[in-house]
1. Taking the stretch 33-103, which trypsin sites (Lys or Arg not before Pro) meet the DSSP loop condition and have no more than 10 other C-beta atoms within 10 Å?
2. With each label point set 7 Å from Cα along the Cα-Cβ vector, what nm distance links Arg40 and His128?
3. How far apart, in nm, are two points set 7 Å out from the Cα along the Cα-to-Cβ line at Glu24 and at Glu107?
4. May I ask you to evaluate 6.51 cos²θ - 1.76 cosθ + 1.60, the Karplus curve with θ = phi - 60°, for each residue of the stretch 26-31 and list the ³J(HN,Hα) values in order in whole Hz, giving x for glycine and proline?
5. When N is the residue count of the stretch 132-216, what does its C-alpha Rg come to as a fraction of 2.2 N^0.38 Å?
6. Starting from the Cα of Lys140, draw a straight line to each of the aspartates and glutamates and keep only those under 15 Å, dropping any in the same chain fewer than 8 residues away.
7. Taking amide hydrogens as modeled 1.01 Å from N in the peptide plane, which residues meet the under 5 Å criterion relative to Leu63, leaving out close sequence neighbours?
8. From the backbone phi of the stretch 160-175, what are the Karplus-calculated ³J(HN,Hα) couplings (6.51 cos²θ - 1.76 cosθ + 1.60, θ = phi - 60°) in whole Hz, Gly and Pro given as x?
Amino acid sequence: MEWVEGIDPNEPGVRRVPWSSVGENPPEVRAHIARKEAIRERKANRRDVHPLRKPPLEDEGLLVEPTERYPFSLDDALLGGVQIQIDRLRIFRTGLQFDLSATSLHEGGGLLGDRLNLTHRVRPPAKHRIYLGLVLPTGKVVSNKKSFAWDAPDDDDVTTSWLYGGRSYSRPTETGATYFLSPLPESGPITFSIAYAELGLNTAASVTIDLEPLLR
């Protein structure tokens, strides 16, 4: 087995194996552990991300703002007549902004966001949140499970794909959360998948969006 520093455990063909040593660790292992601890400490203290990882201010670099909505195919009875969709797409030079939103034909009392949490955060009164995953044209997967500031790539890393979790909103018949994917993916389809076990959505529902026709 070959020791490789800095390898991505999510890369195809990479397999995690149990590892232990007797006595003092070799120098390269000690150095690796020290680097990992430094990274973990730095990320734990991080409260914000580089501006390129967030929606640009004042629409700088906005390329196109499509009006289409992309609904997920869901059983109406499953979510009580609530429709979930990807909408409010805004394509920037630095990335893709979109809303994961839900609309209901009927007011259920209170705010829809109190029953349906579409953000990346677990927040009161909801004790759960939706899972949102994006499969990029390269096959890489990003998700809102890693949308916190401490999960962001280092500031000098402008190539690693990452999903930023931004603001959210809630009304009696509508709720949503804004996300920003950076950098802007290369041409090809992006598959958006959602799951929400607490609401009975155990099998992921998906919708695919190809940005290339939108940019023509």
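1. Within the stretch 33-103, the qualifying trypsin sites (Lys or Arg not before Pro) (loop, at most 10 other Cβ atoms within 10 Å) are Arg47.
2. Result: 3.1 nm between the two label points.
3. Those two pseudo-labels are separated by 7.2 nm.
4. Going residue by residue, I get x, x, 5, 6, 4, 5 Hz, with x marking Gly and Pro.
5. On the way: Rg = 14.3 Å, N = 85, 2.2 N^0.38 = 11.9 Å.
In units of the 2.2 N^0.38 Å rule of thumb, it is 1.20.
6. Asp8, Glu11, Glu186
7. Sorted by chain and number, the residues that satisfy this are Ile91, Phe92, Arg93.
8. 6, 5, 8, 10, 8, x, x, 6, 9, 8, 8, 9, x, 10, 8, 8
Bear in mind that the values in this text are calculations on the coordinates, not laboratory data. If you're wondering where the values come from, they're calculated on a predicted model, not measured in any experiment. For neighbour counting, all protein chains shown are included, and Cβ atoms are generated from backbone atoms with ideal geometry for every residue, glycine included.
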